[in-house]
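Engineer: Sharing a structure below in C-alpha coordinates format, with a few things to ask.
The values are calculated or read from the model by the stated rules, or taken from the named source; none is laboratory data. Bear in mind that the values here come from a model prediction, so they are computed numbers and not experimental data. Note: ideal-geometry Cβ built from the backbone for every residue, glycine included; neighbour counts use all protein chains shown. Side chains included, ligands, DNA and RNA excluded: accessible areas come from the protein's heavy atoms. Shrake-Rupley method; radii C 1.70, N 1.55, O 1.52, S 1.80 Å.
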Amino acid sequence: MAKEENKKHSQQIEDEKKVDPKREIISMILYLAVVFAAVYVIITYVGQRTEVNGTSMETTLSDGDNLIMDKLSYHFRDPERYEVVIFPCPTDPEVYYIKRVIGLPGETVQVIDEKVYINGEELKTEVYGIAPIEEAGIAEEPLTLGEDEYFVLGDNRPVSRDSRFEEVGPISRDTIEGRAWLRIYPFTKIGFVK
(Lines give C-alpha, C1' and ligand atoms only; values in the text may rest on other atoms or scores of the structure.)
Protein backbone atom coordinates (compact mmCIF):
# COMPACT_ATOMS: atom_id res chain seq x y z
CA MET A 1 0.00 0.00 0.00
CA ALA A 2 2.81 2.38 0.93
CA LYS A 3 4.60 1.49 -2.33
CA GLU A 4 1.49 2.33 -4.32
CA GLU A 5 1.10 5.66 -2.56
CA ASN A 6 4.78 6.49 -3.14
CA LYS A 7 4.39 5.56 -6.81
CA LYS A 8 1.30 7.79 -7.14
CA HIS A 9 3.09 10.61 -5.35
CA SER A 10 6.17 10.25 -7.62
CA GLN A 11 3.90 10.25 -10.69
CA GLN A 12 2.15 13.36 -9.42
CA ILE A 13 5.48 15.17 -8.96
CA GLU A 14 6.58 14.15 -12.46
CA ASP A 15 3.29 15.42 -13.95
CA GLU A 16 3.77 18.77 -12.18
CA LYS A 17 7.28 19.05 -13.61
CA LYS A 18 6.00 18.70 -17.18
CA VAL A 19 5.52 22.14 -18.72
CA ASP A 20 3.04 23.07 -21.40
CA PRO A 21 5.16 24.66 -24.19
CA LYS A 22 2.30 26.91 -25.37
CA ARG A 23 1.83 28.23 -21.87
CA GLU A 24 5.57 28.90 -21.53
CA ILE A 25 5.66 30.82 -24.84
CA ILE A 26 2.65 32.96 -23.88
CA SER A 27 4.17 33.60 -20.47
CA MET A 28 7.48 34.68 -22.07
CA ILE A 29 5.71 37.00 -24.56
CA LEU A 30 3.73 38.66 -21.75
CA TYR A 31 6.87 39.06 -19.67
CA LEU A 32 8.76 40.71 -22.56
CA ALA A 33 5.79 43.00 -23.32
CA VAL A 34 5.74 44.20 -19.71
CA VAL A 35 9.53 44.77 -19.74
CA PHE A 36 9.39 46.73 -23.02
CA ALA A 37 6.45 48.83 -21.77
CA ALA A 38 8.31 49.61 -18.53
CA VAL A 39 11.47 50.58 -20.43
CA TYR A 40 9.47 52.84 -22.76
CA VAL A 41 7.79 54.63 -19.84
CA ILE A 42 11.10 55.06 -18.02
CA ILE A 43 12.95 56.41 -21.07
CA THR A 44 10.12 58.73 -22.09
CA TYR A 45 9.05 60.12 -18.74
CA VAL A 46 11.63 59.27 -16.08
CA GLY A 47 15.17 59.03 -17.43
CA GLN A 48 17.02 58.98 -20.71
CA ARG A 49 20.55 58.13 -21.76
CA THR A 50 22.48 61.03 -23.25
CA GLU A 51 26.07 61.51 -24.35
CA VAL A 52 28.31 64.51 -23.68
CA ASN A 53 29.69 65.97 -26.90
CA GLY A 54 32.41 68.55 -26.32
CA THR A 55 34.49 69.94 -23.47
CA SER A 56 32.36 72.82 -22.18
CA MET A 57 31.67 71.00 -18.88
CA GLU A 58 35.26 69.86 -18.17
CA THR A 59 36.32 68.75 -15.58
CA THR A 60 32.90 67.76 -14.27
CA LEU A 61 31.86 65.99 -17.50
CA SER A 62 34.10 64.95 -20.36
CA ASP A 63 33.58 64.44 -24.07
CA GLY A 64 32.09 60.98 -24.60
CA ASP A 65 30.66 60.56 -21.10
CA ASN A 66 27.32 58.72 -21.11
CA LEU A 67 24.73 59.98 -18.64
CA ILE A 68 21.25 59.19 -17.46
CA MET A 69 19.15 62.35 -17.55
CA ASP A 70 16.55 62.67 -14.79
CA LYS A 71 13.40 63.89 -16.57
CA LEU A 72 11.07 63.46 -13.60
CA SER A 73 12.37 65.73 -10.80
CA TYR A 74 11.51 69.03 -12.47
CA HIS A 75 7.86 68.04 -12.72
CA PHE A 76 7.78 68.41 -8.92
CA ARG A 77 10.35 71.11 -8.20
CA ASP A 78 12.35 73.87 -9.86
CA PRO A 79 16.02 73.61 -10.85
CA GLU A 80 18.43 74.66 -8.13
CA ARG A 81 21.67 76.61 -8.31
CA TYR A 82 24.65 74.48 -9.40
CA GLU A 83 22.55 71.65 -10.86
CA VAL A 84 23.66 70.50 -14.31
CA VAL A 85 20.72 70.80 -16.70
CA ILE A 86 20.06 69.66 -20.26
CA PHE A 87 18.12 71.80 -22.76
CA PRO A 88 17.87 72.23 -26.53
CA CYS A 89 20.05 74.82 -28.23
CA PRO A 90 17.84 77.86 -28.96
CA THR A 91 19.15 78.11 -32.54
CA ASP A 92 19.13 74.35 -33.31
CA PRO A 93 16.57 72.26 -31.39
CA GLU A 94 18.23 69.03 -32.61
CA VAL A 95 21.33 69.88 -30.54
CA TYR A 96 21.22 69.71 -26.73
CA TYR A 97 23.35 71.70 -24.30
CA ILE A 98 24.54 70.55 -20.89
CA LYS A 99 25.26 73.47 -18.54
CA ARG A 100 25.27 74.39 -14.85
CA VAL A 101 22.55 76.61 -13.34
CA ILE A 102 24.14 79.75 -11.89
CA GLY A 103 21.40 82.41 -11.80
CA LEU A 104 17.83 81.76 -10.63
CA PRO A 105 14.57 83.50 -11.63
CA GLY A 106 14.35 87.11 -10.50
CA GLU A 107 18.07 87.41 -9.72
CA THR A 108 20.43 89.91 -11.33
CA VAL A 109 23.57 88.36 -12.82
CA GLN A 110 26.68 90.24 -13.84
CA VAL A 111 30.23 89.26 -14.76
CA ILE A 112 32.85 91.71 -13.43
CA ASP A 113 36.61 91.15 -13.62
CA GLU A 114 36.19 87.47 -14.65
CA LYS A 115 33.88 86.70 -11.70
CA VAL A 116 30.13 86.10 -11.41
CA TYR A 117 28.01 88.35 -9.22
CA ILE A 118 24.47 87.50 -8.14
CA ASN A 119 22.43 90.47 -6.89
CA GLY A 120 25.68 92.43 -6.46
CA GLU A 121 27.49 89.76 -4.40
CA GLU A 122 30.34 87.67 -5.75
CA LEU A 123 29.43 84.01 -6.17
CA LYS A 124 32.18 82.21 -4.26
CA THR A 125 32.29 78.46 -4.69
CA GLU A 126 34.41 75.78 -6.30
CA VAL A 127 31.32 73.87 -7.42
CA TYR A 128 30.85 75.54 -10.76
CA GLY A 129 34.35 75.58 -12.19
CA ILE A 130 37.53 77.50 -11.57
CA ALA A 131 38.40 78.83 -15.04
CA PRO A 132 38.14 82.62 -15.19
CA ILE A 133 35.45 84.15 -17.36
CA GLU A 134 37.39 85.88 -20.11
CA GLU A 135 34.30 86.96 -22.04
CA ALA A 136 31.39 88.42 -20.09
CA GLY A 137 29.14 88.74 -23.14
CA ILE A 138 25.64 90.01 -22.36
CA ALA A 139 26.39 89.68 -18.62
CA GLU A 140 28.90 92.53 -18.80
CA GLU A 141 25.99 94.75 -17.78
CA PRO A 142 23.57 93.69 -15.00
CA LEU A 143 21.15 91.11 -16.42
CA THR A 144 17.91 90.62 -14.47
CA LEU A 145 16.30 87.24 -15.08
CA GLY A 146 12.58 86.86 -15.69
CA GLU A 147 10.27 84.87 -13.41
CA ASP A 148 10.96 81.63 -15.32
CA GLU A 149 14.51 82.27 -16.58
CA TYR A 150 17.82 80.69 -15.57
CA PHE A 151 21.38 81.82 -16.26
CA VAL A 152 23.60 78.84 -17.12
CA LEU A 153 27.35 78.49 -17.59
CA GLY A 154 29.65 75.70 -18.69
CA ASP A 155 32.30 74.74 -16.14
CA ASN A 156 35.01 75.18 -18.79
CA ARG A 157 34.17 78.82 -19.47
CA PRO A 158 36.77 79.64 -22.14
CA VAL A 159 35.14 77.17 -24.58
CA SER A 160 31.51 77.17 -23.40
CA ARG A 161 28.62 78.68 -25.39
CA ASP A 162 26.17 79.53 -22.61
CA SER A 163 23.90 82.27 -21.23
CA ARG A 164 26.64 84.88 -21.69
CA PHE A 165 26.07 84.74 -25.43
CA GLU A 166 23.16 86.33 -27.28
CA GLU A 167 22.29 83.15 -29.22
CA VAL A 168 21.75 81.23 -25.98
CA GLY A 169 20.92 83.88 -23.39
CA PRO A 170 18.94 83.08 -20.26
CA ILE A 171 16.99 79.85 -20.71
CA SER A 172 13.33 79.50 -19.83
CA ARG A 173 12.08 76.89 -17.38
CA ASP A 174 9.90 75.10 -19.94
CA THR A 175 12.88 74.38 -22.23
CA ILE A 176 14.80 72.42 -19.57
CA GLU A 177 14.49 68.71 -20.43
CA GLY A 178 16.00 67.43 -17.20
CA ARG A 179 19.14 67.26 -15.12
CA ALA A 180 22.31 65.23 -15.52
CA TRP A 181 21.85 62.61 -12.83
CA LEU A 182 24.09 59.58 -13.26
CA ARG A 183 27.25 58.93 -15.30
CA ILE A 184 27.17 55.35 -16.62
CA TYR A 185 30.23 55.43 -18.89
CA PRO A 186 33.22 55.33 -18.80
CA PHE A 187 32.99 52.58 -16.22
CA THR A 188 35.89 54.04 -14.22
CA LYS A 189 33.81 57.20 -13.59
CA ILE A 190 30.40 55.67 -12.84
CA GLY A 191 28.54 57.73 -10.26
CA PHE A 192 26.08 60.52 -9.59
CA VAL A 193 26.73 63.92 -11.21
CA LYS A 194 27.35 66.46 -8.46
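Engineer: Select from segment 48-103 those GluC sites (Glu not before Pro) which occupy a DSSP coil region and have at most 13 other Cβ atoms within 10 Å, ordered by residue number.
Structural biologist: On the way: sites: GLU51, GLU58, GLU80, GLU83, GLU94; in loops: GLU58, GLU80, GLU83.
Passing sites in segment 48-103 are GLU80.
Engineer: Between GLU147 and GLU94, what length comes free when the chain is fully extended (0.36 nm per residue of separation minus the Cα-Cα distance, one decimal in nm)?
Structural biologist: Once the chain is fully extended between GLU147 and GLU94, it gains 16.5 nm.
Engineer: Can I ask one more? Taking H as built 1.01 Å from N, whose amide H comes closer than 5 Å to the amide H of VAL116, not counting residues under 5 places away?
Structural biologist: It is LEU123, by chain and number.
Engineer: Taking a 1.4 Å probe, which of ASP70, ASP113 shows the most accessible area, and what order do the others take after it?
Structural biologist: Order by accessible area, largest first: ASP113, ASP70.
Engineer: Count neighbours as other Cβ atoms within 10 Å of each site's Cβ, and list the chymotrypsin sites (Phe, Trp or Tyr not before Pro) in segment 70-141 that are DSSP loop with at most 12 such neighbours.
Structural biologist: The qualifying sites are PHE76.
Engineer: Of the trypsin sites (Lys or Arg not before Pro) in segment 89-184, which ones lie in a loop per DSSP and count no more than 16 other C-beta atoms within 10 Å?
Structural biologist: On the way: sites: LYS99, ARG100, LYS115, LYS124, ARG161, ARG164, ARG173, ARG179, ARG183; in loops: LYS124, ARG161, ARG164.
Passing both the DSSP loop test and the Cβ count: LYS124, ARG161.
Engineer: Can you tell me the accessible area per residue over segment 114-180, all protein chains present, probe 1.4 angstrom, in square angstrom? Write down the numbers at each step before the final one.
Structural biologist: Values: 3460 Å² over 67 residues.
Value for segment 114-180: 52 Å² per residue.
Engineer: Taking 7 Å along the Cα-to-C-beta vector as the label spot, tell me the GLU177-LYS189 distance in nanometres, rounded to one decimal.
Structural biologist: 1.9 nm
Engineer: Same structure, new question: Between segment 72-117 and segment 120-194, what is the C-alpha centre distance in whole Å?
Structural biologist: So the two Cα centres are separated by 5 Å.
Engineer: Separate question: Using modelled backbone amide H atoms (1.01 Å from N, in-plane), which distant-in-sequence or interchain residues come within less than 5 Å of TYR185's amide H?
Structural biologist: Amide H to amide H, under 5 Å and 5 or more residues apart or across chains, TYR185 pairs with ASN66.
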